[in-house]
Amino acid sequence: MDSLFALTAPLALLLPLIADATGGPGSDNVRPDASVPQCDAAGAQDEWLAHNPLAAMRESAVVRQVRIERRVVVRIAPTPFAARQSMMTELPERQAAPRFEERGKEKCVALEGIAGVQTGRGNRLVLFLRDQRMISVNLEKSCRARDFYSGFYVEKNKDGRLCVDRDRLQSRTGARCEVDTMRRLVEVRG
């Protein structure tokens, strides 16, 4: 029953318009013409538009504009433990856990080059890049890295890069934090 109504509803809306255009038996409303005096014509026109909503839409001279914007949002997910281990397989095996030191500042990193993310201490995230590098990202002071435990979203810019003092990371919980600094993480030997 509902599907029959859904099929006939558009037809029911078009019937007054079709009847008016053909001057058929259903068009008891007469469209005002030039032979009617001016004040009566205005009243008849308003009455005719009141009974024919589709005609009223046609008669309106309002021009509407549609603006289409394109946004691309990239999701960076946490790196699975197995993937992190495979990144470390090229390193020689040792008894002690590897130590990393921050060296050299980075201004920007390509978004396509980020393989995953891991939370660090305080307001620090570790980005794992596809070229086997690791980048430490410090967020603004009011942010906590643990809000980004399930990764983050970043709006892709025209250059396709994640940059310091420009981009804001959004966690899946809703926290929005600006990237404060980025540094390369290098393994310390010895």
Quick one: is ASP147 more than 15 Å from VAL74 (Cβ to Cβ), without any contact (Cβ under 8 Å) to a residue 40 or more places away in the chain, out of contact with any strand residue (DSSP E or B) (no Cβ under 7 Å at 6 or more places or on another chain) and not hydrophobic (A, V, I, L, M, F, W, C)? no
It is to be established whether one or more residues within the range 164-174 are within 17 Å of VAL72 (Cα to Cα), acidic (Asp, Glu) and crowded, with 16+ Cβ neighbours inside 10 Å. yes
Restricting to the range 145-190, name every residue that is among the charged types (D, E, K, R) and outside any loop (DSSP other than H, G, I, E, B). ARG146, ASP147, GLU155, ARG161, ARG168, ARG176, GLU178, ASP180, ARG183, ARG184, GLU187
Given the residues GLY160, GLY122, which is the only one that is surrounded by fewer than 16 Cβ atoms within 10 Å (Cβ to Cβ) and over 24 Å from the mean Cα position of the chain (by Cα)? GLY122
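Just so you know, all these numbers are worked out from the coordinates, no wet-lab data involved. These numbers were taken from a predicted model, which means no experiment stands behind them. Here the Cβ is made from the backbone with ideal geometry for all residues, glycine too, and neighbour counts use every protein chain on show.
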